[in-house]
Each structure stands twice: as C-alpha cells, then as structure tokens.
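The values are calculated or read from the model by the stated rules, or taken from the named source; none is laboratory data. Note that the structure is predicted; figures quoted are calculated from it, not measured. Note: ideal-geometry Cβ built from the backbone for every residue, glycine included; neighbour counts use all protein chains shown.
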C-alpha cells in the first residue's frame, strides 16, 4: 500500500493534534488501549475527553497542551495510507517544524474559525516554509466551525484572507482546497456534515485522497544515490539510498565529487540480491574495484549523467537564528565550512514581499549566495530535494535552513 506523507501545519491551539486524534478514532486506527489512556488523562486533568491525547505521547505535552516534537500517525483510506506528520506550531520550536514539514508531499493547514483566533503570522510562515520545501498541493482545513456557528461567511472570509498570500508565495490555485471542519466533533472529516450543507466539496479524508491520486508520479530522473558509507574495509561494498532514477547490475557508476568510477557487480535490497533497484530503496552495492577516498556524503550517478559539482550555492534561506561568523553547512550528513555569504535581499515570510534590506531577521527568509570550502554535487531543490537542501550553522548554532534554487 502506497504511503503519502501529509505535513500538518498551523498556529498553536488551532487543533492539529485534535484533528489527528479524531481521524484515528473515526478510521479505526486508534487502539482501545490508546483511547482508554487518552480518556484517563482527560479525567486526570479534569477535562472533557480530548482526542489530541490519543496522539500526544508525552505527559508534558498533555499537561501543557502543546506538541513538543514532530509526531507521526498513520491512517488508511481505500488503497492509500496517509502518514500524518504533526509538527509544532510554536515559534520557539520552528526547527522541529521545518524538519517535519520537509517530509511532506501534501500540506494540510489548520486555521481556527473561532472568534479571536483565525489567520496568524505563524499560519502564513508555515505556508511559506511548506512552499519553500517544495510542497505543491495544499488543503486548508478551517477548524472549530462549531464554535463559529457553522457560518459560511466566516469560512469564506478566512478563504479570502489567505488566498492572495497562498498564490503570492507560489501555490497554484488549482492545487489548493478549502474544507470546513470541526475536528473535536468529527464533522466533515470522514463523512459530510449536515451542519454545513452549504459546503459542496469533499469531506477532508476524501479531499486528501483526491489530491493524492491526482498527484503526478515522480518523473524518472537521472540516477542519484547518496552514499551512507562502506560495509567492508576495502570500500568495495557500499551502502546508500536511491533518491532519483533506478539502478541495474553491470551499470558503470561514478562517485562525485571524488570522480572515481566502478561497476555495480551486485545489488542487494532488504537482504536479497536483485537485478534492479528503484528510487526510494536502500541498497548495498558490491563494486568491481576499491574506492580510494572517503565515501560518506558522496553521490553515485551514471557515468553519462552526472550532477553539477560546485562550491557556490545560490540559495533561499529561512532564518532561524543569528547569521554571524564561523558559518558552516551540513549537507548530506557532512559538515562543510563557508568562506563567505552574500545576501541580496530579505523576503518577508508573512507578506511574501521582497525587501531592499540585506540584514537577515529571525523567521524571515533571504536570497543569498554562499561560497563553501569544498566542491560538492548539487542540484536545484525542485529537481532533487536531497541534493538541493542544507542546514546552516553559525558558531555551531543552528541559524537557518536553505534550498538551492540556482546553480
């Protein structure tokens, strides 16, 4: 069964954990033990039964009513499984949010319809990050409709208030759906709600399914294997993950950026020898000859279609801390020093507008060029995600996540 990763985004307290808990209950994915545990904790905290407690696995989260780290829950619908990645909505946990969202294929944004909540700056920042990370499909679930009297006007105002920004940051209108829901009451999640007859679209689960089915299959790209390391002392048996293309036995390969070549004599996937391996699979490769250089962080490609090798990265960077001295990037598990960074402009992540300023600010983005201390194999992020993203550190502290958008 194919698994589709859903990045669940939104401002704190807008109901992400409650939504997942309700979906787990209503699709039969929540065990009786988890439901009983959630009910016990609800009573302990002198609260009504809270579906979010089915998901939040740490008592600290239950008591403080916040999601501390990225949490994953899986539900099934027809011939697909949806891995719902609940990411933190708090600004101070933005690193965890980015980490979780980076795995998403479809973004599901929650916006509360409750008076006094609605669209927040963090709502827009989550959207900006999702689009920056290459997510093209978006579903906006307007939650707490029961607390807004199931008002069509409230729903329409939220839709109108977000749509201009959504299109400005690069989402196509045809790839965006708005669905009114009540996560706590389970309305419009699996079945259409009788309280919102004015809504003519699909219930949320069916909207997710329709978007997943309409998503184009990943185009067959050139072979790219990120090497994880050697499995023997002679560097003739290596492990890696295929992030693009496919591999067959007897194929002539090149290791970049070191430029050494070898033939794939044998391919092993999940302990079994195979003739071919596909994108997404972890492989062990028996090579025709020894590789004489450090393997970790290298990229294997076909001899006739190599990635670009460069030490200059034109990038979009989401700023999460002070960008000062002693800059370093982490790229495919290896640390690389930076010689300099040149910022051309700041991009406001709440308005989507470019600014003339070149001073990076917390939770904004910058267009910049970075010169690093060694050449690496890279590709634009929208071509191969794994070869087009990096984490930026300053003085050892995490200060941003970047994507390569021009090489």
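Tell me, please, whether a residue that is surrounded by fewer than 19 Cβ atoms within 10 Å (Cβ to Cβ) and within 28 Å of residue 241 (Cα to Cα) can be found in segment 346-369.
Looking for residues that are surrounded by fewer than 19 Cβ atoms within 10 Å (Cβ to Cβ) and within 28 Å of residue 241 (Cα to Cα), one finds none in segment 346-369, hence no.
Checking the conditions here, which among 149, 170 is at positive phi and at pLDDT 95 or above?
Details: 170 fails: at pLDDT 95 or above.
Result of the check over 149, 170: 149.
If you go through segment 272-295 one residue at a time, do you hit one that is in contact (Cβ under 8 Å) with a residue 60 or more places away in the chain and surrounded by fewer than 16 Cβ atoms within 10 Å (Cβ to Cβ)?
No, there is no match, as no residue in segment 272-295 is in contact (Cβ under 8 Å) with a residue 60 or more places away in the chain and surrounded by fewer than 16 Cβ atoms within 10 Å (Cβ to Cβ).
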